[in-house]
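What follows is a short report on a single structure.
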């Protein structure tokens, strides 16, 4: 089979999994008790039932609930509608993010916010991969040295540190040193975004936190993979034929160590996404994670459905890319 | 196999490491070998001590608080006898024979009682961890929070492992359609980041009224969605073990499937299960703490994560309030990670660096 056929087969394979995921989310929403309108009203103080009913109706109309047949159409038909809308890239309107009494289309919100998440995640992923490789190589080639031991202990400590708390500690440190908490505010996101120096200033701490979070995870991996490979016979052969250390490590050992590392990084993407949600919440970074958390807190069902469709889709696409990368890294792999 | 005597007579030339390993193995069963290996692992022992200390702390606080509540209900304990509003005892005290009756040593403040005049005190001799924004003693909160924090981790992880082991063994033993279905279900469950899926579910089901409060909902759903990893590992173990001769022999003797699964194959795949449980408890405690930190815990519960959530915004000016619960979460995760790594090295030395 050709490479093209393999890619097409794997891409089509995403469809049933996504159907399963959306069906699960949709069922969960529909069997859950509680009324989103009541959550939205919150701690409304009312003396009479009329006042409460009025408020209820006002909110329900604003959320677009009374206009639709939300309560009458059976849920399976609504699921078919949802999938249909999804195929037309129509994610519905938000219940929480409203403008002039009407919900903002979710696709628009996500389009606006995705750039923040992408910048943050791509930057920190790049940095953590780079640093993890460096640390892993240093640790593995000088096994049991002072550097290896201290790096291993540091990685272990970082691995056990909850990511959200690491972010908080960074915030405290920066506050003590520079009187700067790094909690994002409006001036950081003035357009044009990429020419705004404040944007980069507020980007530093979230990126640092997310980098550290991914770094401790990956560095352990790179180290153990490299150690295993350095014990193989062909490394001894390479050394015996007089190659210098650098060539042995980077040409012979590291390339073979890449494959398992790529696998685990591809599979760890859900963890990285969850980490991104945590970091965004701590630093008030207005990316997709914050949108998801706020939507969840206010029971914005359309928004929750949308984010819970996008996150798994991202993960599945990343895994697809991982599988395709294999083929290029390892010529032995048959597809 | 070479013994020490043979080595002395020079019949074999063995390097020091192998000799030490042989010394470890001499006259011992599998579990005592594992124990001897762990004892040599300094980091592993540190993890074991941390874990034992925390478990002791959780049990001690559970028993103390249980007794205290029971005695209060019986009407034996009174708080301030001159104040009729204070029908509860406010302190957990130690009184030893020979001490003056009216001034026992105050061990802990009751975790649910607070004194407004004691709010926001920095750490001192009377309050080693300081006091929080409403006047709870942080040391007492941390001590009594251990029960819920650790119990949630244990219960959540044990249920996922039990469900995962059961489903994984059935799928691995029978294969075929059951295995296919199980794999597809796991694929769907694992495409969602656990943290995000848990938030999604907690938000939807926070209104459910079941005994145990919100954390019961959290644990139930955690065990319903978290079993995939265990099931996959058990399944692959079963695939390799069911081809072995001892299973064939057992089948020839006429043993039932259930007997083969639970009496023969499962005990042989115990080692990975122990590692999963130990490392998994660390992850579970971390997950529940993270959920609580972002406001998806039970604000009425006394647990580290919820205290952390309550005082996280005070970090810049009153750092001790959130610092100590966070520190204990960190130590717990660290302890279980160290112990889990040591157990993995001891149970399966091939995996060792």
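Throughout, read-outs are computed from the coordinates displayed, never taken from laboratory work. These figures come from a predicted structure and were not determined experimentally. Quick reminder, even Gly has a Cβ in these numbers, built from the backbone with ideal geometry, and neighbours come from all protein chains shown.
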Could you calculate the FRET efficiency of residue A:126 with residue B:224 from 1/(1 + (r/R0)^6), where r is the beta carbon distance between them and R0 is 45 Å, rounded to 0.05?
0.80
Using a Förster radius of 41 Å, what is the FRET efficiency between residue B:216 and residue A:144 based on their Cβ-Cβ separation? Nearest 0.05, please.
0.30
Three semi-axes of the equivalent ellipsoid, chain A, Cα gyration tensor, whole Å, largest first
46, 27, 16
Taking only C-alpha pairs under 8 Å that are 6+ residues apart, what is the relative contact order of chain A in percent?
24 percent
Take every residue in peptide B:333-341, count the Cβ atoms of other chains within 10 Å of its Cβ, and give the average of those counts.
2
So what are the stretch A:277-335's ellipsoid semi-axes, whole angstrom, largest first, if each one is the square root of 5 times an eigenvalue of the alpha-carbon gyration tensor?
34, 14, 6
Label-point gap, in nm, between residue B:183 and residue B:40 - each point 7 angstrom along Cα→Cβ
4.0 nm
Round to a whole angstrom and tell me the spacing of the C-alpha centers of the stretch A:241-291 and the stretch B:318-332.
29 Å
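Work out the P(r) tail for the protein assembly as shown: percent of alpha carbon pairs separated by more than 39 Å, whole number. Let's see the in-between values first.
On the way: 102266 of 236328 pairs.
Above the 39 Å cut-off, the protein assembly as shown has 43 percent of its Cα pairs.
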Average partner coverage of A:8-17, which counts Cβ from other chains inside 10 Å:
1
When a/c reaches 1.5 or more, the comparison of a/b and b/c decides; with that in mind, is the stretch B:216-353 rounded, prolate or oblate per its Cα gyration tensor?
prolate
Rg ratio (alpha-carbon, reference 2.2 N^0.38 Å) - the stretch B:150-240:
1.17
Taking Cα atoms only, helix A:3-31 is inclined relative to the longest principal axis of chain A by an angle, in degrees rounded to 10, of 40 degrees
Pairs of alpha carbons in the stretch A:58-168 whose separation is greater than 23 Å (percent)
59 percent
Relative to the longest principal Cα axis of chain A, at what angle does helix A:163-178 sit, 0 to 90 degrees, rounded to 10?
80 degrees
Once both labels are modelled 7 Å past Cα along the beta-carbon direction, what's the residue A:234-residue B:259 spacing in nm?
4.9 nm
From other protein chains only, count the Cβ atoms within 10 Å of every residue's Cβ in B:178-190, then give the mean.
2
Projected area, mean over directions - the stretch A:182-335, Cα convex hull, nm²
12.8 nm²
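Which number do you get for Rg(Cα) / (2.2 N^0.38 Å) in the stretch B:108-212?
Here the Cα radius of gyration is 1.70 times the empirical estimate.
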Once the Cα atoms of helix A:106-141 and of chain A are each reduced to a long axis, what angle between those two axes, in degrees from 0 to 90 to the nearest 10, is obtained?
20 degrees
Computed from the mean reciprocal separation of all distinct C-alpha pairs, what Kirkwood hydrodynamic radius does the stretch A:220-291 have, in Å?
14.6 Å
Using only the Cα atoms of the stretch A:117-272, what do you get for the radius of gyration and for Dmax, in Å?
18.8, 61
